[in-house]
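Q: Would you mind keeping the following structure in view while I ask a few things?
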């Protein structure tokens, strides 16, 4: 009964899951996309490219890999856009070593996008990837048309820190569904928990997801060092964030225990070309809890002409 209910849910939620492939699994552009590689001299960097239309480059969360994006979110967004997903150096399918500063991460992203032939694109960052996205579109403004920041915080110091409930689970070597409910959703909401399971099941339709997820303290520390430098903000990115005329969308859940969306409140009224959208009873992954709604929000935002 559970498998039938899941199939019906996927059928209702999006056309990309409405048909079945020859393997009998729900058809999905994201799930079927091959992993490609480009050699940047620091080792092979893994990426996937799906969809057609204007390009969106997606920067992933802490511990995220090519496999941990919700395929329903990707499939819906890829209907009108070309999506480029990538693994950071030394993470997931990529070789090399994770950069130790946001400046180096920006240089890596610039090298990577040029190496695969992308000149100008929208930049979407989720969580830790939202820090990467901010750094990149502020450091290389001529290359980005729009900034999309999902469940992330602005550069500089923020009032609301990571919550203990998040930290207790985020650093476990392997996260199960109950962990994900706390990390990415709103566990006090029955509907949010139901949608957490649906998203989890879609992601883990792919085999071999867990072994590629970063799981060691050494890997975690590299993420932390980069984020710490970003929030110390020696490059003055917080001030530049308030000066840029680049269209910026901030998409948040109202119960995010990691990067509280409320940390953007001091910047509201000070940024020049920004939109702020909150979803109720949602956590650190609003685009996984409500993939179609999130895609509609992003697409509406992308119709705004860049300055």
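The values are calculated or read from the model by the stated rules, or taken from the named source; none is laboratory data. Remember, it's a predicted structure, so these values are computed and weren't measured experimentally. In this analysis, Cβ positions are derived from the backbone assuming ideal geometry, glycine residues included, and neighbour counts consider all displayed protein chains.
Q: Please enumerate the residues belonging to the stretch 254-307 that are assigned to a strand (DSSP E or B) and either out of contact with any strand residue (DSSP E or B) (no Cβ under 6 Å at 6 or more places or on another chain) or within 27 Å of residue 141 (Cα to Cα) (or both).
A: 274, 275, 276, 277, 278
Q: While we're looking at this one, here's another question. Sort out which residues of the stretch 84-109 are part of a loop (DSSP other than H, G, I, E, B) and under 23 Å from residue 31 (Cβ atoms), and write them in order of number.
A: Once the filter is applied, which keeps residues that are part of a loop (DSSP other than H, G, I, E, B) and under 23 Å from residue 31 (Cβ atoms), the stretch 84-109 yields 87, 88, 91, 92, 93, 94.
Q: Kindly provide the set of residues from the stretch 188-204 that are more than 30 Å from residue 104 (Cβ to Cβ), touching a residue at least 24 places away in the same chain (Cβ under 8 Å) and surrounded by 17 or more Cβ atoms within 10 Å (Cβ to Cβ), ordered by number.
A: Selection gives 189, 192, 195, 196, 198, 199, 202.
Q: Next question. Quick one: in the stretch 221-231, which of the residues that are more than 24 Å from residue 275 (Cα to Cα) and touching a residue at least 40 places away in the same chain (Cβ under 8 Å) is surrounded by the most Cβ atoms within 10 Å (Cβ to Cβ)?
A: Applying the filter and picking the extreme gives 226.
Q: Among the residues of the stretch 43-61, is there at least one that is on the phi > 0 side of the Ramachandran plot, more than 15 Å from the chain's Cα centre (by Cα) and either buried (at least 23 other Cβ atoms within 10 Å of the Cβ) or modelled with pLDDT of 95 or more (or both)? Don't jump to the end; show me each part of the working.
A: Start the filter on the stretch 43-61 by keeping residues that are on the phi > 0 side of the Ramachandran plot, which leaves 43, 51, 53.
From the residues that got through so far, the ones that are more than 15 Å from the chain's Cα centre (by Cα) too are 43, 51, 53.
Subsequent filtering for residues that are either buried (at least 23 other Cβ atoms within 10 Å of the Cβ) or modelled with pLDDT of 95 or more (or both) retains 51, 53.
Yes, there is a match, as at least one residue in the stretch 43-61 is on the phi > 0 side of the Ramachandran plot, more than 15 Å from the chain's Cα centre (by Cα) and either buried (at least 23 other Cβ atoms within 10 Å of the Cβ) or modelled with pLDDT of 95 or more (or both).
Q: Condition check: under 20 Å from residue 74 (Cβ atoms) and within 20 Å of the chain's Cα centre (by Cα). Does residue 201 satisfy that?
A: Yes; evaluated as a whole, the condition is true for this residue.
Q: Report, by residue number, each residue of the stretch 49-65 that is part of a strand (DSSP E or B) and within 16 Å of residue 79 (Cβ to Cβ).
A: 49, 50, 55, 56, 58
Q: Right, here's the next one. Tell me, which residue of the stretch 207-231 that is in contact with a helix residue (DSSP H, G or I) (Cβ under 9 Å, 6 or more places away or on another chain) and part of a loop (DSSP other than H, G, I, E, B) is farthest from residue 61 (Cα to Cα)?
A: 209
Q: Next up: So, residue 161, is that one under 24 Å from residue 106 (Cβ atoms), assigned to a loop (DSSP other than H, G, I, E, B) and without any contact (Cβ under 8 Å) to a residue 24 or more places away in the chain or not?
A: Numbers: under 24 Å from residue 106 (Cβ atoms): no; assigned to a loop (DSSP other than H, G, I, E, B): yes; without any contact (Cβ under 8 Å) to a residue 24 or more places away in the chain: yes.
Criteria not met by residue 161.
Q: Now for a different question. Within the stretch 115-127, how many residues are in contact with a strand residue (DSSP E or B) (Cβ under 8 Å, 6 or more places away or on another chain) and surrounded by fewer than 23 Cβ atoms within 10 Å (Cβ to Cβ)?
A: The total comes to 5.
Q: Taking residue 280 as the residue in question, decide whether it is buried (at least 21 other Cβ atoms within 10 Å of the Cβ) and modelled with pLDDT of 95 or more.
A: No; evaluated as a whole, the condition is false for this residue.
Q: Can we say residue 112 is under 21 Å from residue 74 (Cβ atoms), in a helix (DSSP H, G or I) and either in contact (Cβ under 8 Å) with a residue 40 or more places away in the chain or in contact with a strand residue (DSSP E or B) (Cβ under 9 Å, 6 or more places away or on another chain) (or both)? Spell out the reasoning first.
A: Working: under 21 Å from residue 74 (Cβ atoms): yes; in a helix (DSSP H, G or I): yes; either in contact (Cβ under 8 Å) with a residue 40 or more places away in the chain or in contact with a strand residue (DSSP E or B) (Cβ under 9 Å, 6 or more places away or on another chain) (or both): yes.
Considered against the rule, which asks whether it is under 21 Å from residue 74 (Cβ atoms), in a helix (DSSP H, G or I) and either in contact (Cβ under 8 Å) with a residue 40 or more places away in the chain or in contact with a strand residue (DSSP E or B) (Cβ under 9 Å, 6 or more places away or on another chain) (or both), residue 112 comes out as yes.
Q: When you scan the stretch 137-154, how many residues do you find that are surrounded by fewer than 23 Cβ atoms within 10 Å (Cβ to Cβ) and in a loop (DSSP other than H, G, I, E, B)?
A: 1
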